[in-house]
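The values are calculated or read from the model by the stated rules, or taken from the named source; none is laboratory data. Just so we're clear, the structure is a prediction, and the values are computed from it rather than from any experiment. Positions of Cβ are backbone-derived with ideal geometry, glycine not excepted, and every protein chain shown enters the neighbour counts. When the accessible area is computed, the model is the full protein with side chains, heavy atoms only, and any ligands, DNA or RNA have been set aside. Shrake-Rupley method; radii C 1.70, N 1.55, O 1.52, S 1.80 Å.
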Amino acid sequence: MSVLIAPSILSADFAALGEAIAAAERGGADVIHVDVMDGHFVPNISIGIPVVRSLRRVAHVPLDVHLMITDPDRYLEAFAEAGAAMISVHVEVLPHLHRTVQAIQALGLKAGVALNPATPLAALEQIAGDVDHVLVMSVNPGFGGQHFIASTLGKIASARELLDRLRSRAALEVDGGVKVDNAADIVRAGADILVSGSAIFSSPDYGATIKAMRQAGQAMQKATRAAGAVAARRS
Ligand code: DX5
Ligand code: ZN
């Protein structure tokens, strides 16, 4: 798949979310990433179901809802009804992960599992074949504008290997500290979807930033695939 850009509205002006989404869409946003925080799983509170419902009315691209909450099972139906197209849940809070993933898919949505930076990839082994996407956090969730944790590049590469080895169809999404400058490295490691908040919404021209990020990612993806094809021919 080609690289998708998912602007995170956490860093947008909450008094003007409709305009922020329209501008991001004009700039080429593929999905809109919506960060839901409960002040319990993460040390911050953001937005919830009514906001998703309002965003659905104005957005033309799918809403990618990232649930950073302790008890996501209780709210899946409400988020689906509000208009989420994709839901990611954190493996750290779910003892019955398949049940949750199946519940999301039964609502007609794409289901993803999210891993905090310190959560080992082993958590993915048993679920990778059943999810639509995997969200690797490259910051500790809770806030926008944090620095990308460099060691997660290796983790992203290992996640890619794991998905390929298990022949999983899941897209690999990376969230936290993603900027134009590191987009190529993140795509080289194997990411398909780049979530980016502050880099886009703190920039003077959202569209230009989205385009630059996509260009950096696509160029790297092309180069990586070409190198892979050469390596395959030589082996
Ligand atoms: C962090 C959120 C991210 C955040 C990314 O808890 O899950 O989606 O908005 O923001 P930046 O791109 O500023 O790190
Ligand atoms: Zn997020």
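When the solvent-accessible area of the chain is split by element, carbon and sulfur atoms take up 54 percent of it, the probe being 1.4 Å. Straight-line cross-link reach from LYS222 at under 17 Å between alpha-carbon atoms covers these aspartates and glutamates, not counting any fewer than eight positions away in the same chain: ASP185, ASP192.
Among beta bridges from DSSP that stay inside the chain, the antiparallel ones total about 5%.
Suppose a student asked you for the relative contact order of the range 4-234, using Cα pairs under 8 Å spaced at least 6 residues apart; what percent would you report?
Values: 452 pairs, mean separation 46.0, N = 231.
Once normalised by length, the contact order is 20 percent.
With an 8 Å Cα cut-off and a minimum separation of 6 or more residues, compute the relative contact order for the range 125-182 in percent.
Details: 72 pairs, mean separation 30.7, N = 58.
Once divided by the residue count of the range 125-182, the mean separation gives 53 percent.
Take every Cα pair under 8 Å whose residues are at least 6 apart in sequence, average their separation, divide by the length of the range 137-219, and the relative contact order is 31 percent. Annotation: the range 104-235 has a Kirkwood hydrodynamic radius of 15.5 angstrom, from the mean reciprocal C-alpha pair distance.
Which loop trypsin sites (Lys or Arg not before Pro) in the range 137-197, with loop taken from DSSP, have no more than 14 other Cβ atoms within 10 angstrom of their Cβ? The partial results should precede the final answer.
On the way: sites: LYS155, ARG160, ARG165, ARG167, ARG169, LYS179, ARG188; in loops: ARG167, ARG169, LYS179.
Those satisfying the criteria are ARG167, ARG169.
Determine the calculated [θ] at 222 nm for the chain from helices alone, applying -39500 (n - 2.57) to every DSSP H run no shorter than 4 residues and normalising by the residue count; nearest 500 deg cm²/dmol.
On the way: 9 runs with 98 residues, N = 235.
Rounded to the nearest 500, it is -12500 deg cm²/dmol.
Entry comment: accessible area of the chain is 45 Å² per residue, from protein heavy atoms only and a probe of 1.4 Å. The Kirkwood hydrodynamic radius of the chain, based on inverse pair distances between different Cα atoms, is 17.7 Å.
What ratio of Cα Rg to 2.2 N^0.38 Å holds for the range 38-132?
Values: Rg = 13.1 Å, N = 95, 2.2 N^0.38 = 12.4 Å.
For the range 38-132, the normalised Cα radius of gyration is 1.06.
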